[in-house]
Amino acid sequence: MKVERVQKTVMSALMATTAVIFATGLALLAGHSDRAGAKPGLLIIAGVVGVAAVAATRVIHDKSPLSVWLVLGVVPAAVGWLFVR
């Protein structure tokens, strides 16, 4: 395996892990927030962070950021929405 491929894989794994933890934290924070407009705002931000993580992973691997895989980035926000409602 080439060194460049390993570097890209490690970089995308670190970036995706960090972004998913951040998006999940935002979704959990939305569930515990008492402010009126905070819940939908935090869930939207969690969705944007998740989609950006998927797009960044694709860019790291020299692929187009626009893909069906972007839907996967909304998962943390969708799971958070199930607990918030």
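Every number here is computed from the coordinates shown, using simple stated rules; none is lab data. These numbers were taken from a predicted model, which means no experiment stands behind them. Note that we place each Cβ from the backbone using ideal geometry, even for glycine, and neighbour counts take in every protein chain shown.
Working note: Cα gyration tensor of segment 3-84, eigenvalues times five, square-rooted, sorted largest first, giving semi-axes of 28, 12, 8 Å. Only lysines eight or more places from LYS63 in sequence, or on another chain, were considered; those with a Cα closer than 29 Å are LYS2, LYS8. Computed over the chain with a Gaussian network model linking Cα atoms closer than 10 Å, the most mobile of VAL71, VAL20, VAL49 is VAL71.
Which value, in debye to the nearest 20, gives the size of the charge dipole of segment 3-84 about its Cα centre, when Lys and Arg are +1 and Asp and Glu are -1 at the Cβ? Don't skip to the answer; put the middle values down first.
Values: 6 positive and 3 negative charges, 15 e Å.
In debye, rounded to 20, segment 3-84 gives about 60.
In order along segment 7-14, the Karplus-derived 3J(HN,Hα) couplings, from 6.51 cos²θ - 1.76 cosθ + 1.60 at θ = phi - 60°, round to 4, 5, 5, 5, 5, 5, 5, 5 Hz, and Gly and Pro are given as x.
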